[in-house]
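A short write-up of the structure that comes next.
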Amino acid sequence: MKRIHILAAMLICFVMASAQGVTWSVDVNTIFDNREGDDFYSGNGTIFLTRVSPEVGLTMMNGTHKIAGGVSWIQPCGNTWNDHKTRAVVYYRYNSPEWRMSFGVFPRSQYIDALPTFLLSDSIAYNQPNIRGLLVQYVKLQGFAELSLDWRSQQSETSREAFNVNLNGQWSPRGTFLVGGYAQINHLAKRENAPEGEGVNDDIMINPYIGLNLSSKTALDSLVIKTGAL
């Protein structure tokens, strides 16, 4: 145990000595989502919350490496102080011209292309703004690809092991025309000493698409049209 403490102290000293700068950010987001009417896809109700996410980090080697930590404070509006939720943020980030990688617990905003709601419902994204695992991204001028693992739950007597793996990418060989897709494996295992009848569940979803990026032909910030199959 003493060796572990010494190695940890040496690592912290090395990181502090090689750090070139301190970064910080504060993300503030208020969400008001009124859901009344047909409850076929989601139940009726109103989601009203404020999220504050401060973050502090150290960068090394001209920003190639970054170690950061913080917290996401989620406060439902109209509820008491005790109804708040906190989500830890602790991660390592690697950034190069072509490769980007994150390990730990980090914001979903690091996605190049946010997951559509049929892969990640907006109500879950509201209350769990972080990926818990890893993200690997490959970026070129004509497109990108990214792979993520989001580990949602550890197996125990009361909880089931749960994670999903997401792969998505896009290629624009001629600027306006684009082709891409999403793929997800969602895994739900049994609990420890699971009762009879509880099984393992795996879902696979695939969404290839083609489209047009008309952003350069309009005064809007962006205009992209896609069509595909799910």
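Bins of 5 Å, beginning at zero and ending with the bin holding the largest distance: percent of Cα pairs per bin for the stretch 153-201, please.
5, 17, 18, 13, 10, 8, 8, 7, 7, 5, 3, 0
How much of the DSSP bridge set in the chain is antiparallel, in percent, rounded to the nearest 5?
Among the beta bridges of the chain, antiparallel pairing accounts for roughly 100 percent.
So how compact is the stretch 119-230: Cα radius of gyration and Dmax in angstrom?
Cα-based Rg and Dmax for the stretch 119-230 come out at 18.1, 60 Å.
For the chain, report the accessible area per residue in Å² (1.4 Å probe, heavy atoms, rounded to an integer).
64 Å²
Take every Cα pair under 8 Å in the stretch 140-230 that's 6+ residues apart, average their separations, divide by the length, and report that relative contact order as a whole percent.
Contact order relative to length: 22 percent.
Lysines within cross-link reach of LYS217: Cα-Cα under 29 Å, excluding same-chain residues under 8 positions apart?
Here the lysines satisfying the reach criterion relative to LYS217 are LYS140, LYS226.
When 1/r is averaged over all different Cα pairs and the result inverted, which Kirkwood radius in Å belongs to the stretch 93-146?
Kirkwood radius, the stretch 93-146: 12.0 Å.
Provide LYS217, LYS190 ordered by accessible surface of protein heavy atoms (probe 1.4 Å), highest first.
My answer, sorted largest first, is LYS217, LYS190.
Using just the helices of the chain, give the 222 nm mean residue ellipticity in deg cm²/dmol: DSSP H runs with n ≥ 4 each add -39,500 (n - 2.57), and the total is spread over all residues, rounded to 500.
-3000 deg cm²/dmol
Once the Cα atoms of the stretch 72-169 are picked out, what are the Rg and Dmax in Å?
Cα-based Rg and Dmax for the stretch 72-169 come out at 15.3, 49 Å.
Could you sort THR86, THR64 by accessible area so the largest value comes first, with the probe set to 1.4 Å?
Solvent-accessible surface, decreasing: THR86, THR64.
State log₁₀ I(q)/I(0) for the chain at q = 0.08, 0.11, 0.15 Å⁻¹ as given by the Debye formula over alpha-carbon point scatterers of equal weight, solvent excluded.
Results for the chain at q = 0.08, 0.11, 0.15 Å⁻¹ read -0.41, -0.77, -1.33.
Where in the stretch 158-209 are there GluC sites (Glu not before Pro) that are in a DSSP coil and have at most 15 other Cβ atoms within 10 angstrom of their Cβ?
Loop-located and lightly packed - GLU192, GLU196, GLU198.
Shape call for the stretch 19-90 from the C-alpha gyration tensor, a ≥ b ≥ c root eigenvalues: rounded (a/c under 1.5), prolate (a/b greater than b/c) or oblate?
It comes out prolate by the Cα gyration axes.
Given the C-alpha centroids of the stretch 125-144 and the stretch 37-114, what is the distance between them in whole angstrom?
That distance is 12 Å.
For PHE177, PHE106, give me the order by solvent-accessible area with a 1.4 Å probe, most accessible first, ignoring ligands, DNA and RNA.
Most to least solvent-accessible, the answer reads PHE177, PHE106.
The values are calculated or read from the model by the stated rules, or taken from the named source; none is laboratory data. All of these numbers come straight from a predicted model, not from anything done at the bench. Reconstructed Cβ throughout: ideal geometry from the backbone, glycine too, with neighbour counts over all protein chains shown. SASA here: full protein model, heavy atoms, side chains in, ligands and nucleic acids out. Shrake-Rupley method; radii C 1.70, N 1.55, O 1.52, S 1.80 Å.
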